[in-house]
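Presented below is the structure to which this report refers.
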Amino acid sequence: MELNDWILALHLLSAFAMVGAVVLFWILIVAGWNIDTPGPVLRVGPIARVGVAAVTIGSIGTIVFGLWLAISLEAYQPWDGWVIAALVLWAVAGGVGGRTAKEYNLAPERAAELQAAGQTGPDAELLSLNRTRTGLITHSVVTLAVLLLLIDMIWKPGA
C-alpha cells in the first residue's frame, strides 16, 4: 500500500466517525425526548461524550486527510467544484453542530442543578430542554449537510 492509500483509509474512517456521531446524537435526542428527571439525563453524559469525541475526530480527520488527498492526487485539485462544495458543507455541519451542542447542553446543566438541590423528581423545564425545537432543527440541518457531503464525496459531481 502506498501513502495515499493510507490517507484515503484514514479519510474514510474519519467520515465513518462523523456519520456515526450524527446517528448517535439522533439516538440520544429520541431517547431523551420524554425524560423529565435529572438521573437519566446525567447518565447519558458519558455516551454523549463519546459522540463529541467521534464528531471531533471525524471532522478533523475528514478535512485534513481530504485536503491532503486533493493536493497529492493528480486527478483532483483543492479548487475543484466538488471539493469546494465539500468544504462548505463541512463548515456548515461544524458551525450548526456547535449551535446544536449548545442547545442540548442546557438539559444536563439543568439536571445537574436539580440533582445538586436534591430534586430528583420530574421537572417541566428539564423536559422542555430535552424537547428543544431549536436543537431538533439544527441537528436536522447538520444531518442534511453531512448527507449532502457524503453524496458529494461519493459521486464527485463535475470531477
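Taking the criterion of being β-branched (Val, Ile, Thr) and assigned to a helix (DSSP H, G or I), the residues of segment 96-153 that qualify are Val96, Thr100, Thr134, Ile137, Thr138, Val141, Val142, Thr143, Val146, Ile151. Residue count for segment 66-88 under the criterion of being in contact with a Phe, Trp or Tyr (Cβ under 9 Å, 6 or more places away or on another chain) and either hydrophobic (A, V, I, L, M, F, W, C) or within 18 Å of Val22 (Cβ to Cβ) (or both): the result is 5. Summed over segment 106-124, the residues that are free of Cβ contacts under 8 Å to residues at least 24 places away in the same chain and loosely packed, with under 14 Cβ neighbours inside 10 Å give a count of 4.
With the structure loaded, tell me whether Ala159 is touching a helix residue (DSSP H, G or I) at 6+ places or on another chain (Cβ under 9 Å), part of a loop (DSSP other than H, G, I, E, B), among the hydrophobic types (A, V, I, L, M, F, W, C) and under 30 Å from Leu12 (Cβ atoms) or whether it fails that test.
Numbers: touching a helix residue (DSSP H, G or I) at 6+ places or on another chain (Cβ under 9 Å): yes; part of a loop (DSSP other than H, G, I, E, B): yes; among the hydrophobic types (A, V, I, L, M, F, W, C): yes; under 30 Å from Leu12 (Cβ atoms): yes.
Criteria met by Ala159.
Inside segment 67-93, residues that are farther than 25 Å from Ala107 by Cα, in contact with a Ser or Thr (Cβ under 9 Å, 6 or more places away or on another chain) and either in contact (Cβ under 8 Å) with a residue 60 or more places away in the chain or among the aliphatic types (A, V, I, L, M) (or both) make up a count of 1.
Out of Val142, Val96, which single residue is touching a Gly at 6+ places or on another chain (Cβ under 7 Å), surrounded by 14 or more Cβ atoms within 10 Å (Cβ to Cβ), among the aliphatic types (A, V, I, L, M) and in contact (Cβ under 8 Å) with a residue 40 or more places away in the chain? After ruling out the rest, the residue left standing is Val142.
Results for (1) within 18 Å of the chain's Cα centre (by Cα); (2) at pLDDT below 95; (3) of a type in the set (Asp, Glu); (4) not in a loop (DSSP other than H, G, I, E, B), shown as yes or no for each residue.
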site	(1), (2), (3), (4)
Ala9	no, no, no, yes
Leu24	yes, no, no, yes
Ile29	yes, no, no, yes
Ile35	no, no, no, no
Val52	yes, no, no, yes
Thr56	yes, no, no, yes
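Ile71 meets each of the listed conditions (1) surrounded by 13 or more Cβ atoms within 10 Å (Cβ to Cβ); (2) not in a loop (DSSP other than H, G, I, E, B) apart from (1).
The values are calculated or read from the model by the stated rules, or taken from the named source; none is laboratory data. Please read these numbers as outputs of a predicted model, since none were measured by experiment. In this analysis, Cβ positions are derived from the backbone assuming ideal geometry, glycine residues included, and neighbour counts consider all displayed protein chains.
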